[in-house]
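Engineer: Following this message is one structure expressed as structure tokens.
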Amino acid sequence: MKKQFFSLSLLSALLAVTGCKQQTGEAKPHIPTAPQMEARVDRSEPVKIVDIEQAFQKPEQLKLSQIASEIEYYTVGDARYPVTQAIEIPDSNAFITFNNPRIYYRKQGIPSKRYGFKALAYKWNNEMNGQTLFYDKKTTRMYVALSGKTQETRLTGADSTPCIGELPPLDTMLTITNYVFPENLSAEYSLNLTYDKLLGFSSTGYTLCRYGEKTGEPDGITTFNLLGDTLCKFRLKEGEMTPRTVTDNIPFFQTFFWNTQQDKMTFMMPYCDTVYQLRDPQTIAPLYAIHYGEKKLALSDYKGEIPEGRMWQRTFYENPKGLFIGLYQKGSPIIADWIGWEYTYKPTLTHQAVYLKDEGRTVLLPTKMVKGGKGFTNDLDDSGLAFWPDGQTDDCLYMLRTVTEMRELVKRNGSPKQKKLLELLDNPKVFERDYVMIVVR
């Protein structure tokens, strides 16, 4: 009797498994749906004015302690693979850095560890100012934006299907002995791309910036879930469209995240100078309006060459204390490194502007070059090394500098604030070719 019962149970299990496989095999492919939601604009809070024009009239030096209270240092690789994105791991004093095309886990006091995912440089989707990773704090899974290119299509991108890949949880990715590759992802989601480009993504969906088929200029965004269903379309720009061939040297969409709530995305469109936040798949809110005055880069400027003196935004970061806007003005001297060369691993700037949230005012930092660089006077470690953010994650801002530059510029004055900094710079295992990520919060 027991043998018969065991045989029946085994047969039932086999039928169930077989049935599941047959059902999976017969499942029809998912057909993406049309827009499911109506776009909403949240205007419950007034748009704050970031007045760049007025700030130019009277530059002012600011201290780092005005926008942060702590400072830390992490070695983050060398010049072969500079950091393009960093992600703070909550409650662990650790970061994940994307040293394109590699991912690392960085934690104070332990050697850096390679993340368990490998992809060649052409496999990555690099359309979002280096924001190619998304870390889900709830599940500790990483999501990666990939180009879909193969060895045969890596130069043209023809017939490639960009996708978002889902990786196993962090603990798994730090302990596995065999790497995960794009070809064996646990799950991947193809992107609905025609003339559009990826603006941002999370573990719940993605957003495309919409480019006109004829002009190639963006006029809005579209949100999707990971299955590719269209959720909502936002038209953010009306009026004249300029051919993309004319404006190719001006960056269009700028994407930046302030991840206190991880699915919110902050972004900016060109020419309208408004900073928006995508609060959910059908709601955006205009947060800031950047006022350039006569320095504004307008569509009317495109009649061959951009006029001298015109200005546009290159970088934009945010923490609870302020907005940090990196600007480029045609014809102005660039912000260079310690020997007067252009930085090769970050966007070239000519001016640095700060909007102080508590005071509601915009400040332009002085343009005069000093030995410690341009930026905030660093009174958190008394090093003499000026601070300006090259990226952000949650409420952390971070700056990248080479060890060579830091050893040359840091002023040793015996201050106890310099203890951690000097331990790093005097460590014989920290090489001249290394980069340091200076984190403030």
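Engineer: Compute the separation of the alpha-carbon centres of region 57-124 and region 155-178 and state it in Å as a whole number.
Structural biologist: 20 Å
Engineer: If I take the Cα coordinates of region 54-147 and project them onto the principal axes, what are the three extents in Å, biggest first?
Structural biologist: 48, 33, 31
Engineer: Residue 189: net charge of surrounding residues, Cβ under 12 Å, Lys/Arg +1, Asp/Glu -1, itself excluded?
Structural biologist: Net of charged neighbours comes to -3.
Engineer: How fast does region 121-223 diffuse by Stokes-Einstein, in µm²/s, taking the Kirkwood radius from C-alpha pairs at 37 °C and 0.692 mPa s? Please report the intermediate quantities before stating the final value.
Structural biologist: On the way: Rh = 14.7 Å.
The diffusion coefficient I find is 223 µm²/s.
Engineer: Here's something else I'd like to know. Which order do you get for 401, 141, 235 if you rank them by accessible area with a 1.4 Å probe, largest at the top?
Structural biologist: Accessible-area ranking of 401, 141, 235, largest first: 235, 141, 401.
Engineer: Along Cα→Cβ, 7 Å out, is where each label goes; now give me the distance between the ones at residue 152 and residue 361 in nm to one decimal.
Structural biologist: 6.4 nm
Engineer: A follow-up question, please. Less than 15 Å Cβ to Cβ from residue 426, Lys/Arg counted +1 and Asp/Glu -1: what total charge do the surrounding residues give?
Structural biologist: Values: positive: 407, 411, 412, 419, 420, 429; negative: 381, 408, 423, 432, 434.
Around residue 426, the surrounding residues sum to +1.
Engineer: Something else now. With every protein chain left in place, what is the accessible area of residue 69 in Å² (1.4 Å probe, nearest 10)?
Structural biologist: Around 90 Å² of this residue is reachable by solvent.
Engineer: Moving on. Leaving out ligands, DNA and RNA, and with a 1.4 Å probe, what % of the accessible surface on region 299-441 is carbon or sulfur? The partial results should precede the final answer.
Structural biologist: On the way: 3250 of 6300 Å².
For region 299-441, the apolar C and S fraction of the accessible surface comes to 52 percent.
Engineer: Which FRET efficiency, nearest 0.05, do residue 137 and residue 294 yield, Cβ-Cβ r, R0 51 Å?
Structural biologist: 0.70
Engineer: Something else about it: Compute the FRET efficiency between residue 225 and residue 305 as 1/(1 + (r/R0)^6), taking r as their Cβ-Cβ distance and R0 = 30 Å, and round to the nearest 0.05.
Structural biologist: 0.10
Engineer: Now for a separate question. Which loop trypsin sites (Lys or Arg not before Pro) in region 142-231, with loop taken from DSSP, have no more than 12 other Cβ atoms within 10 angstrom of their Cβ?
Structural biologist: The qualifying sites are 214.
Engineer: Can you list residues from other chains, or at least 5 along the same chain, whose modelled amide H is less than 5 Å from the amide H of residue 349?
Structural biologist: 335
Engineer: Could you tell me what percent of the accessible area of region 29-117 is made up of carbon and sulfur, with a 1.4 Å probe and every protein chain present?
Structural biologist: 50 percent
Engineer: If you keep only loop residues by DSSP, which GluC sites (Glu not before Pro) in region 88-167 have at most 15 other Cβ atoms within 10 Å of their Cβ?
Structural biologist: Within region 88-167, the qualifying GluC sites (Glu not before Pro) (loop, at most 15 other Cβ atoms within 10 Å) are 152.
Engineer: Ordering 105, 328, 115 by accessible area with a probe of 1.4 Å, largest first, what comes out?
Structural biologist: On the way: 105 30, 328 60, 115 0 Å².
From most exposed to least exposed: 328, 105, 115.
Engineer: Let me ask something else about it. Report the label-to-label distance for residue 36 and residue 107 in nanometres (one decimal), using points 7 Å from each Cα along the Cα→Cβ vector.
Structural biologist: A separation of 3.8 nm, rounded to one decimal place.
Engineer: Still on this structure, I have one more. Can you list, largest first and rounded to whole Å, the semi-axes you get for region 344-409 by taking the square root of 5 times each eigenvalue of its Cα gyration tensor? Each step should come with its number before you reach the end.
Structural biologist: On the way: eigenvalues 85, 43, 36 Å².
Its equivalent ellipsoid spans semi-axes of 21, 15, 13 Å.
Engineer: Just to check I understand the Karplus step: with θ = phi - 60° and J = 6.51 cos²θ - 1.76 cosθ + 1.60, what whole-Hz values come out for region 54-68, glycine and proline as x?
Structural biologist: Working through the residues one at a time gives 5, 4, 5, 6, 8, x, 9, 7, 10, 9, 4, 5, 6, 10, 7 Hz.
The values are calculated or read from the model by the stated rules, or taken from the named source; none is laboratory data. Quantities reported herein were computed from a predicted structural model and do not represent experimental measurements. So basically every Cβ, Gly included, is an ideal-geometry build from the backbone, and we count neighbours across all protein chains shown. These accessible areas exclude ligands, DNA and RNA; they are computed on the full protein's heavy atoms, side chains included. Shrake-Rupley method; radii C 1.70, N 1.55, O 1.52, S 1.80 Å.
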